[in-house]
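Taking it in order: structure first as structure tokens, then the write-up.
No lab work stands behind these numbers, since they all come straight from the coordinates. From a predicted model like this one, the values you see are computed outputs, not experimental measurements. When we count neighbours, we look across all protein chains shown, and the Cβ atoms used for this are built from the backbone with ideal geometry, even at glycine.
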Amino acid sequence: MLGKLTWEAVPWNQPIPLIAAALVLAAILGALAFVTATGRWTYLWREWITSVDHKRIGVMYVLLGLAMLLRGFIDAVMMRSQQALAVGHSAGYLPPEHYDQIFSAHGTIMILFGAMPLVVGLMNFVVPLQLGVRDVAFPTFNSTGFWLTAAGALLVNVSLVVGEFARTGWLPYPPLSETAYSPGVGVDYYLWAVQIAGLGSLINGINLTTTILKVRAPGMGYLRMPMFCWTALASSLLIIAAFPVLTATLAMLGLDRYAGFHFFTNEAGGNQMMFVNLVWAWGHPEVYILVLPAFGIFSEIFSTFSGKPLFGYRSMVAATLFICVVSFMVWLHHFFTMGGGGDVNAAFGIATSIIAVGTGVKVYNWIFTMYGGEVRFETPMLWALGFVFTFVIGGMTGVLLAVPPADFLLHNSLFLVAHFHNVIVGGVVFGVFAGIEYWFPKAFGFRLHERLGKAAFWLAFTGFWVTFTPLYALGLMGMTRRLQHVDVPEWRPWLYVSAAGVVILAAGALVQAAQLVVSIRRREALRDVTGDPWNGRSLEWSTPSPPPAFNFAVLPQVQGLDAHWRAKQADLAKPRYEPIATPRNTATGVVVGVFATLMGFAVIWHIWWLLAAGFVGAYATFVVFAWRDRDEDEIPAREVARIDRARLAGLRARETRA
Amino acid sequence: MSAAAHVRATGHGQGGPASKRIVVGYGFWLFLLSDIVMFSAFFAAWAVLARSTAGGPSGRDLFEPPRVAAETALLLASSFTCGLSALATRARSLVWTELALLATGLLGAAFLVLEAQEFAGLVARGAGPQRSAFLSAFFALVGCHGLHVAAGLLWLGTMMAQIPVKGFRATLERRMLCFNLFWHTLDIIWVGLFTVVYLLGAGA
Amino acid sequence: MTARDSLEATPRDRGDRAPGDAIEERGLVQGLAGYGLGLALAAGLTAAAFFVAAGHLVWGPAIPMALVTLAVAQMGVHLVFFLHLTSGPDNTNNALALAFGVLIVALVLGGSVWIMAHLNHLHPAMAQMMSMRR
């Protein structure tokens, strides 16, 4: 009746996961109780859960990403503390079976459920506003993509309470991930959570690519788009190109586990190396999917906070497209040591070194953007400057690793771990926080507390370097990654320094949370009345904060690059209002997400009747959606005019401020 | 087309947002390209594992050219009738649209029946996907295509039910466009499949 | 149902076409002829492929090349006659998207085969080593 599911699936005899699960459940129940007590269910359902507005969906993505970033950070705290404690005769406090799940969950959550939703959320919120249009190309599809990602995240977290997680690392290499060596449900949780979330990501890639190529304001040719839109386009193209490879590879592993196929098994001719090859053919583009939008965010910030247009716009576009294409030609550098031989290693090593040129072009352009400008060191700019310093060093260690003979010594050492955290934290995480600080006023109508924001940055920046510099040293000394116990006493002081760094990072996280709480409390004092708190250059700053549902009462006529900056210099035109059609809210997205979660849970625990029922339900939802008669509501012209008064008031406020 | 007209074009120029038909069609085209990339990953696995027969039967022992020829002919014919349904939709003829769609569905279903028979026969001979890595890759690749055809038939049936009820409204016309793209792309993938896996594979 | 689409700013698209859409001005007879010609060409190429594979038409070692060429030709026939993909400026986005997809397919397929072939040569699987020892 319930497949493999029994009461033993709950970790009654393991205190740490049990307590963690209890805390998470308490937090969820507390949130539900709060919503019920304040009578906000109708509001939540109508304004957020069934919303197809890209601004709402973008905010929900960011909230999901931040929550999962926190969960991944807690995993990291446990890993660092275990390694600092378990040196020599001491055993630490985490048994190996548990430690393995923690590092696997840490990587999976951080990349797929932390960084991806954060980056995708920012792209979702900002791109239509920067393009001067009302929404993305496929609003209901957008909602479905979000709820599928949330379903995947939910499954990963359910594994904490019911069952176990994979012990294979964040990429489940066979034969360890095959049924023979991982007979439990851990790898299955991973497989289905990632497949479901991967579908959500693919939906996003298609949506954003179509929007950027086919849905732009009149007059906005390709070379008049803001830089963030170009990087969002490159990232979305990579999503379309890379995620199908992941889907296929995980499906093959799934067929091996569920149906006795022999893609990657030890017997009957399976080839484990092929898994490594295919999964990194996805895995390398994935990190560029994450970092390219971060580059775009920094382009926006550097030009806004220097008061100058971005230096070398065309070379930036060229560099972005160059990185996009070449990122699909370097994936073997993740397995130089697999034994492909000199020819393939040399070819991919050279390609890896070449791709650094694209980023180099970008870094020089950012520096030249600042040169001769009036640089303002507000919080987003601090994150940007911290990024340049951190990411350039991380990139250099990457070029070191790109040399195959060097990589033979450093592969899977802590040097590698330090390198990829250097570029992902320095690039993606710094970029996401910069973007949140930058666009928060636009999304919510009030600014974030400036001094707390600066403090959070300095704690994060310092904490990062204190945590990861020792790891570079340890890697060069020969320490491998993923060790639950450390045998070399000479490594102990370095591990202590690294653990201290984590404490600094934790303080940074607390201050960041405090910034949010304090800003919400003081939101009237921090209110943004002009819609343009940073004296921005692109079209999102020409809307009120927060923008109305339809973004622009009249689609702007774009005359050139930095469209909003141009408009600010010109006179205000009297707009002619027309009725606006808006897509209707629908529960399709959240219902599909629910059925996806049920199907995932069912297939993990071999509850076949539930799987069939979930599929029928999902298909029925699709038919109901396809059968609806009205898919748009119309806002009458008079209502548009009334709402637009907020924008006109903001323009007047900006005039008086200037 | 003059340069000025190109610049003023909607969608890919400065003419403002494209119409819904173009937006929907282009988005679906991108989805199909992602699907082709997914097939190429299964293709790559098959290419790597083509010789890993683990002492079991290989393509030469198993494939029946007449069956493959029949499957190819059925799918090609269904592509043709699908094109006819597009013409019928443009001409707003409900009867011809439904007939062409029905023909497409029947031809596609016949294709699936032949393929299911082939799979069942292989399993009965002990040449199922659990026998060797080569057979795993074969069943996954060809089976993935078959699953897509089956999904297409489900979609086809839903649309055949919907058009008489709702008429030729803009949303349904856009879905017909998407279905046409989907069905023709499946045939393009089958061309790759039958050439490389069956014809070349039997020679190996 | 409103006449105006939420994303539409211009009433008619100039110089842009959805993938799979034939040119508007063609009549029914022309459309039928197009699909019919596509069917005939594809069928002919398919038949040729089966004959080549059976060894009747081409010198043995050239068969793989011939089959691949015929396959590419068939795909081309599908793209032109069934999917109405042309090289005109109104189809630029559609053709470029296809080109990007083809590039990725080439990289994934070609790259994987190249890498795995080198690997298998340097580190043969157990079964291969046994057959090599004999």
- trypsin sites (Lys or Arg not before Pro) in the stretch B:44-104 lying in a DSSP loop, each with at most 16 other Cβ atoms within 10 Å of its Cβ, come to B:Arg51, B:Arg92
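Would you mind getting me the FRET efficiency between A:Tyr371 and C:Ser87? Use the beta-carbon distance for r and R0 = 45 Å, nearest 0.05.
0.50
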- In what order do A:Thr588, C:Thr86, A:Thr108, A:Thr38 fall by count of nearby beta-carbon atoms within 10 Å, going from fewest to most? A:Thr38, C:Thr86, A:Thr588, A:Thr108
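Return an integer: the convex hull volume of the alpha-carbon atoms of the stretch A:227-358, in Å³ per residue.
107
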- Using only atoms on other chains, find how many Cβ atoms lie within 10 Å of each Cβ of peptide C:92-98 and report the average. 5
- Of chain A, which part is the longest with no GluC sites (Glu not before Pro) in a loop (DSSP not H, G, I, E, B) and with at most 13 other C-beta atoms within 10 angstrom? A:1-266
- Message: Using a 10 Å cut-off around each Cβ of peptide C:49-57, what is the average number of partner chain Cβ atoms that fall inside?
- Response: 3
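Once you have the alpha carbon radius of gyration of the stretch A:1-133, what is it after dividing by 2.2 N^0.38 Å, with N set to its residue count?
The stretch A:1-133 yields a ratio of 1.38.
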- Item | Per-residue average of Cβ from other chains inside 10 Å of B:176-183 | 3
- Item | Fewest-first ranking of A:Lys362, A:Lys454, using other Cβ atoms within 10 Å as the exposure measure | A:Lys454, A:Lys362
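Based on DSSP loop calls and a cut-off of at most 11 other Cβ atoms within 10 Å, the longest stretch of chain A free of exposed chymotrypsin sites (Phe, Trp or Tyr not before Pro) is what?
Longest run free of exposed loop sites: A:13-370.
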- Message: Restricting to Cα pairs below 8 Å that are 6+ residues apart, what does the relative contact order work out to for the stretch A:533-631? Please round to a whole percent.
- Response: 22
- Item | Charge tally in the Cβ shell below 15 Å around B:Phe28, where Lys, Arg are +1 and Asp, Glu are -1, B:Phe28 excluded | +3
- Under 5 Å between amide H atoms, partner at least 5 residues away or on a different chain: which partners does B:Gln14 have, H built in plane at 1.01 Å? B:Arg8, B:Ala9
- Percent of all alpha-carbon pairs of the stretch A:244-320 at distances over 18 Å, whole number, is 59
- What base-10 log of the normalised intensity I(q)/I(0) is obtained for the stretch B:20-203 from the Debye formula, alpha carbons as equal point scatterers, at q = 0.08, 0.09, 0.10, 0.15 Å⁻¹? -0.29, -0.36, -0.44, -0.87
- Residue among A:Gly650, A:Thr586, A:Pro404 farthest towards the positive dipole end of the protein assembly as shown, charges placed on Cβ: A:Gly650
- Volume of the Cα convex hull of the stretch A:102-234, divided per residue and given in Å³: 100
- The ³J(HN,Hα) series, computed from each phi in the stretch A:299-316 with the Karplus coefficients 6.51, -1.76 and 1.60 at θ = phi - 60°, rounded to the nearest Hz and given as x for glycine or proline, is 4, 4, 5, 4, 6, 5, 8, 10, x, 9, x, 4, 6, x, 3, 5, 5, 5
- Message: Could you give each residue of the stretch A:100-110 its phi-based ³J(HN,Hα) in whole Hz, using Karplus coefficients 6.51, -1.76, 1.60 with θ = phi - 60°, and x for Gly or Pro?
- Response: 4, 5, 5, 6, 5, 5, 4, x, 4, 5, 4
- Segment A:Asp633-A:Val357, extension gain: residue separation times 0.36 nm, minus the distance between their alpha carbons: 94.5 nm
- Query: When only Cα pairs under 8 Å and 6 or more residues apart are kept, what is the percent relative contact order across chain A?
  - Reply: 18
- Computed ³J(HN,Hα) along the stretch A:19-33: with the Karplus parameters 6.51/-1.76/1.60, θ = phi - 60°, integer Hz and x for glycine or proline, the list is 5, 4, 4, 4, 4, 4, 4, 4, 4, 5, 4, x, 4, 4, 5
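Ranking A:Lys4, A:Lys574, B:Lys20, A:Lys55 by Cβ neighbours within 10 Å, fewest first, what do you get? Before the final figure, lay out the partial values.
Numbers: A:Lys4 13, A:Lys574 5, B:Lys20 17, A:Lys55 21.
Sorted ascending by nearby Cβ count, the order is A:Lys574, A:Lys4, B:Lys20, A:Lys55.
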- Picking from A:Gly88, A:Gly169, A:Ala473, whose Cα lies most toward the positive end of the charge dipole for chain A (charges on Cβ: Lys, Arg +1; Asp, Glu -1)? A:Ala473
- Principal axis box of the protein assembly as shown, alpha-carbon based, largest edge first, Å: 82, 78, 56
- Task: Please list the non-local residues whose amide H lies under 5 Å from the amide H of A:Gly478, H modeled 1.01 Å from N, same-chain partners needing a gap of 5 or more.
- Result: none
- Query: Out of residues 5 or more away from A:Phe446 or on other chains, whose amide H comes under 5 Å of its own, with H placed 1.01 Å from N in the peptide plane?
  - Reply: A:Asp528
- Note on the structure: Mean separation of Cα contacts under 8 Å (at least 6 apart) over the residue count of the stretch B:20-203, i.e. the relative contact order in percent, is 36
- Message: Please give the charge dipole size of the protein assembly as shown, origin at the Cα centre, charges +1 on K and R Cβ atoms and -1 on D and E Cβ atoms. Round to the nearest 20 debye.
- Response: 2060
- Query: Between A:Ala33 and A:Arg451, what FRET efficiency comes out of the Förster formula 1/(1 + (r/R0)^6) with R0 = 25 Å and r the beta carbon distance, rounded to 0.05?
  - Reply: 0.15
- Any chance you could get the radius of gyration and Dmax over the Cα atoms of the stretch C:25-84, in Å? 14.2, 47
- Task: Given a cut-off of 26 Å, name the pairs among A:Lys308/A:Lys362; A:Lys362/A:Lys568; A:Lys55/A:Lys362; A:Lys308/A:Lys454 whose C-alpha atoms lie farther apart than that in the structure shown.
- Result: A:Lys362/A:Lys568; A:Lys55/A:Lys362
